[in-house]
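The structure appears right after this line, and notes come after that.
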Amino acid sequence: MPESEIRPLLKRLGESISETLTNSPEIHNCIREIRDAGYEVFLAVETKIGFCSANDENHKTDVCENETPASLNLTEYDINFLKTLKIAIS
């Protein structure tokens, strides 16, 4: 698929992510609670979407070359946010 054809799909993906965040009842409730506490809220989420051809031999490498697992410290808010995006934490 040429890059000119993938661009609209990537745009649609970005719009879907934005719509999911905008329509999330949990995010809405959290923002409302912050405002009820007397604060204004500014939420900016940056999404980077990368792609390469599945047939491109130059990009077929191991995902992780480091054998040591990375650690990730998530707060309860982080976990709840990921759940709103339908991302499971195991």
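The values are calculated or read from the model by the stated rules, or taken from the named source; none is laboratory data. Treat the numbers as computed from the prediction; the structure is a model and nothing was measured. For neighbour counting, all protein chains shown are included, and Cβ atoms are generated from backbone atoms with ideal geometry for every residue, glycine included.
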Qualifying residue in the stretch 23-33 (condition: exposed (fewer than 11 other Cβ atoms within 10 Å of the Cβ), over 22 Å from Leu82 (Cβ atoms) and over 14 Å from the mean Cα position of the chain (by Cα)): no
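Rundown of residues vs (1) in a loop (DSSP other than H, G, I, E, B); (2) modelled with pLDDT under 75, yes/no style:
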{"site": "Glu40", "(1), (2)": "yes, no"}
{"site": "Ile49", "(1), (2)": "yes, yes"}
{"site": "Asn55", "(1), (2)": "yes, yes"}
{"site": "Leu74", "(1), (2)": "yes, no"}
{"site": "Ile79", "(1), (2)": "no, no"}
Selected residue (only one of Gly38, Gly14 is farther than 18 Å from Asn80 by Cα and either among the basic types (Lys, Arg) or surrounded by fewer than 10 Cβ atoms within 10 Å (Cβ to Cβ) (or both)): Gly38
